[in-house]
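Asker: Here it is: the structure, laid out below.
The values are calculated or read from the model by the stated rules, or taken from the named source; none is laboratory data. Here the structure is a predicted model, which is why all the values come from computation and not from measurement. We place every Cβ from the backbone using ideal geometry, glycine too, and count neighbours over all the protein chains shown.
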Amino acid sequence: MYCPVCGDDCVDHASALIALMPRIFANCPSCQHQPLYKTTPPPPGSYHDPCSCGKRFIDEVFAHLYDILVREGLFSGKEPLKAVGTPLVHPGFPTTSPPFLPKKSLVLLSRVADKDVAAHMLKEVPEIRGVVRNGEFTPGVTDPDLLVPPRRNELLAGCDVRADIYPTTAGSIVLFQQQSMMHIEFPRFFNPKIQAVESRIRTLSPQWFVDAFCGTGKLGLTAARMGVPHVVLNDSWFAAAFWSAFNLTINREFFRFDEVRILNDYKSMEGEPVRTDPKPVARTEGEQEILVYQGDFRKLHQVLPAGPVLAALDVFEKADRKATGSVLHYWREHVTGEAFIP
């Protein structure tokens, strides 16, 4: 499939990625396996060329990246291995052991790389998919009142579009995102947000489900996977709204609709990164109605039905009880039904 960021074929349908899960990060009998301490520099000779199967143990890949940083003068050779950065594998899903990485399966978040070194990494390390310079902040919109300007990390080289696979009781869902634009929420074996959504859907059997701060669409698409007939996903951040719409197409085989229409392209949406009035981004046609909007959650009642809805308000800073209480209070004043913070 066409990638909205790089234009290459680095995205795929959900079933194809789910089918890869048992083997994509598994080693063959010839693979070397040398765990390295993350709190010390890697010893000399810590990495080799990929195995004949095309994979390398993740610690070897990091030792290779470390060597590049030393050769390029960004490391002195005394830094710990973990200083290279944060690995984000593609696709991401819960595992019980460290991965053996195939080609183009790693997005590196780094606070030390520059564009020249990132280009060197992309050229020399086959496992690298993209290199992102990340800061000490969360990309995107983190304030439900939209008072804090959104920020984004910088893609230095390659493509930082990757997928996560989330298990649900109705089956897995696959969520793509551009990593520099979105916060990290790596899949786990147990996801309390997904469980909270599933529990309320089983109890209430709603006709409408709203994911008011949808991110990449995890909770809304979980509801759709469970068969809720009408689902609304919304986010004020352009990247979140777009990737939620894009993920409808990725997972379309799991839903009951004939067609999905994405009404806005990624580049044009970037020109208005934050919206207040809800703007349609995607809609489905068929038995199951799924709608995606970009807008402020406080305006979303303008496009919702008059009847009751079940709404998940997945705000970012849940520890701020005053802010979360304000969000719930506003929503319940304007929308009938049940609302909860997962």
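Asker: Only one residue in PHE75, PHE25 is under 25 Å from ARG188 (Cα atoms), in contact (Cβ under 8 Å) with a residue 12 or more places away in the chain and of a type outside the set (A, V, I, L, M). Which one?
Answerer: Residue meeting the stated conditions: PHE25.
Asker: Same structure again: Looking only at the stretch 140-159, decide whether some residue is under 30 Å from PHE57 (Cβ atoms) and in contact with a Leu (Cβ under 7 Å, 6 or more places away or on another chain).
Answerer: yes
Asker: Can ALA239 be described as within 26 Å of PRO139 (Cβ to Cβ), over 18 Å from the mean Cα position of the chain (by Cα) and small (Gly, Ala, Ser)?
Answerer: The answer is no for ALA239.
Asker: Mind listing whichever residues of the stretch 321-342 are among the basic types (Lys, Arg) and under 17 Å from VAL309 (Cβ atoms)?
Answerer: ARG332
Asker: Considering the stretch 262-276 alone, what residues qualify as being part of a loop (DSSP other than H, G, I, E, B) and of a type in the set (Gly, Ala, Ser)?
Answerer: GLY271
Asker: Tell me, yes or no, whether the stretch 211-222 has at least one residue that is among the hydroxyl-bearing types (Ser, Thr, Tyr) and under 19 Å from ILE290 (Cα atoms).
Answerer: Yes, the conditions are met somewhere in the stretch 211-222.
Asker: Moving on. Is it the case that PRO139 is touching a residue at least 12 places away in the same chain (Cβ under 8 Å), closer than 30 Å to HIS230 by Cα and over 17 Å from the mean Cα position of the chain (by Cα)?
Answerer: no
A quick yes/no check of all residues on (1) in contact with a strand residue (DSSP E or B) (Cβ under 6 Å, 6 or more places away or on another chain); (2) buried (at least 18 other Cβ atoms within 10 Å of the Cβ); (3) free of Cβ contacts under 8 Å to residues at least 24 places away in the same chain:
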position	(1), (2), (3)
ILE250	yes, yes, no
VAL260	yes, yes, no
PRO273	no, no, no
THR284	yes, yes, no
LYS299	no, no, yes
VAL309	yes, yes, no
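Asker: Quick one: in the stretch 28-84, which of the residues that are touching an Asp or Glu at 6+ places or on another chain (Cβ under 6 Å) and among the aliphatic types (A, V, I, L, M) is surrounded by the most Cβ atoms within 10 Å (Cβ to Cβ)?
Answerer: Step by step, filter the stretch 28-84, then rank; the result is VAL61.
Asker: Take ASP265 and tell me if it is within 26 Å of PRO144 (Cβ to Cβ), of a type in the set (Asp, Glu) and in the same structural domain as VAL303 (by TED's automatic domain parsing).
Answerer: no
Asker: Next up: So, of the residues in the stretch 103-119 that are buried (at least 20 other Cβ atoms within 10 Å of the Cβ) and farther than 28 Å from ALA312 by Cβ, which turns out to be farthest from the chain's Cα centre (by Cα)?
Answerer: VAL117
Asker: On to the next question. How many residues, within the stretch 152-211, are surrounded by fewer than 16 Cβ atoms within 10 Å (Cβ to Cβ), in contact (Cβ under 8 Å) with a residue 60 or more places away in the chain and part of a helix (DSSP H, G or I)?
Answerer: Qualifying residue count, the stretch 152-211: 2.
The rows are residues; the columns are (1) in contact with a Ser or Thr (Cβ under 6 Å, 6 or more places away or on another chain); (2) within 22 Å of GLN207 (Cβ to Cβ); (3) part of a strand (DSSP E or B).
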| site | (1), (2), (3) |
| --- | --- |
| GLY227 | no, yes, no |
| ASN234 | no, yes, yes |
| TRP243 | yes, no, no |
| VAL260 | yes, yes, yes |
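Asker: Based on this model, can you work out whether GLY171 counts as farther than 20 Å from VAL281 by Cα, modelled with pLDDT of 95 or more and in contact with a helix residue (DSSP H, G or I) (Cβ under 7 Å, 6 or more places away or on another chain)?
Answerer: yes
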